[in-house]
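Engineer: Take a look at the following structure, please.
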Amino acid sequence: TLKKEIVFPQKAEKLKIPAFEVTALINKNPFSFFNSREEKIIIKSNELTIDVKSLPSNAPSSFKGQVGKNYKLSVNLSKDEMFVNDALDFDLSISGNGNLKELKLPNIDIPKDIEKYPAETKNKLKITTSGISGSKSLHHLLIPRFHGEYEIPAIEFTYFDIIKKK
């Protein structure tokens, strides 16, 4: 094996992957170290055609083009009760198998009376011959500036499951 690539098509159509070409020098006299005869050869792979199918048109508004399998969304708060000006850690993580490099994390609507510090994002990606797996996470530090009960609206993440085909 000279080269392996993971590809993620961006449009529905028949796509051609061009042939891969390598130029190499080979020794025509491998049994003699001092009397070698090198010859230049060109090795060329076959050209491939991939039929990329379109995604369903009835996707919810939260669908941002993510395709894969075994995705999970988790949201955690460091505590659910606190005092005014007390810090709260808000963590959101999406894990699964797919093009996680292009994954856009959902926007979080934090109530206006809670101060939100800039998000810290972390990527834990593992690239193997079976694709990309891992997680992308977002960490916010939140501080309520007034007393009361605050509700963080539901966070929705939608993806096309390649196993279930929906």
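The values are calculated or read from the model by the stated rules, or taken from the named source; none is laboratory data. Since this is a predicted model, take the numbers as computed values, not measurements. Note that each Cβ is placed from the backbone with ideal geometry, even for glycine, and that neighbours are counted across all protein chains shown. Accessible surface is based on the protein model in full, side chains and every heavy atom, while ligands, DNA and RNA are left aside. Shrake-Rupley method; radii C 1.70, N 1.55, O 1.52, S 1.80 Å.
Engineer: Given the protein chains as shown and a 1.4 Å probe, how many square angstrom of Ser130 are accessible, to the nearest 10?
Structural biologist: Approximately 110 Å² for this residue.
Engineer: Same structure, new question: Ignoring ligands, DNA and RNA, what percent of the 1.4 Å accessible area of the chain is carbon and sulfur? Show your work: numbers first, answer last.
Structural biologist: Values: 6530 of 12870 Å².
Of the solvent-accessible surface of the chain, carbon and sulfur hold 51 percent.
Engineer: Can you pull out the GluC sites (Glu not before Pro) in the range 107-166 that DSSP calls coil and that have at most 13 other Cβ atoms within 10 Å?
Structural biologist: Loop-located and lightly packed - Glu149, Glu151, Glu156.
Engineer: Provide the percentage of antiparallel DSSP beta bridges, counting only those with both residues in the range 49-166; round to the nearest 5.
Structural biologist: Of all bridge pairs located within the range 49-166, approximately 90 percent are antiparallel.
Engineer: Shape of the range 62-138 from its Cα gyration tensor (a ≥ b ≥ c, root eigenvalues): rounded if a/c is under 1.5, otherwise prolate when a/b > b/c, or oblate?
Structural biologist: prolate
Engineer: Mean separation of Cα pairs under 8 Å and 6+ residues apart, divided by the residue count of the chain: what relative contact order is that in percent?
Structural biologist: 23 percent
Engineer: If R0 is 41 Å, what FRET efficiency do you get for Ile50 and Ile114 from their C-beta distance, rounded to 0.05?
Structural biologist: Efficiency at R0 = 41 Å is approximately 0.30.
Engineer: Given the protein chains as shown and a 1.4 Å probe, how many square angstrom of Arg37 are accessible, to the nearest 10?
Structural biologist: 140 Å²
Engineer: Using the Cα gyration tensor of the chain, with a ≥ b ≥ c the square roots of its eigenvalues, what is the shape: rounded (a/c below 1.5), prolate (a/b larger than b/c) or oblate (neither)? Spell out each step's value before the answer.
Structural biologist: Working: a/c = 4.64, a/b = 2.29, b/c = 2.03.
Cα axes put the chain in the prolate bin.
Engineer: How do Ser57, Ser133 rank by accessible surface area computed with a 1.4 Å probe, from largest to smallest?
Structural biologist: On the way: Ser57 125, Ser133 30 Å².
These residues rank, largest area first, as Ser57, Ser133.
Engineer: At 4 °C and a viscosity of 1.567 mPa s, what translational diffusion coefficient does Stokes-Einstein give for the range 108-166, taking Rh as the Kirkwood radius over Cα pairs? Give it in µm²/s as a whole number.
Structural biologist: 87 µm²/s
Engineer: Which value, in Å² rounded to 10, gives the accessible area of Tyr117 with a 1.4 Å probe and all protein chains present?
Structural biologist: 80 Å²
Engineer: Mind checking the per residue accessible area of the chain for me, 1.4 Å probe, whole number of Å²?
Structural biologist: 78 Å²
Engineer: Using alpha carbons only, how many angstrom separate the centre of the range 106-164 from the centre of the range 71-96?
Structural biologist: Taking the Cα centre of each part, the range 106-164 and the range 71-96 sit 9 Å apart.
Engineer: Spelling out what I want: for every residue of the range 59-73, take phi, set θ = phi - 60°, compute 6.51 cos²θ - 1.76 cosθ + 1.60 (Karplus), and round to whole Hz; glycine and proline get x.
Structural biologist: 5, x, 5, 7, 6, 10, x, 6, 10, x, 8, 6, 6, 9, 10
Engineer: So how do 86-92, 108-114 stack up, highest first, on mean other-Cβ count within 10 Å?
Structural biologist: Averaged packing, sorted descending, gives the order 86-92, 108-114.
Engineer: OK, next. Hey, if we sort Leu15, Leu73 by accessible area with the 1.4 Å probe, largest down, what's the order? Please report the intermediate quantities before stating the final value.
Structural biologist: Numbers: Leu15 45, Leu73 65 Å².
These residues rank, largest area first, as Leu73, Leu15.
Engineer: Here's something else I'd like to know. Tell me, in nm to one decimal, what length is gained between Lys16 and Leu77 on full extension, where the rule is 0.36 nm per residue of separation less the Cα-Cα distance?
Structural biologist: That works out to 17.3 nm of additional length.
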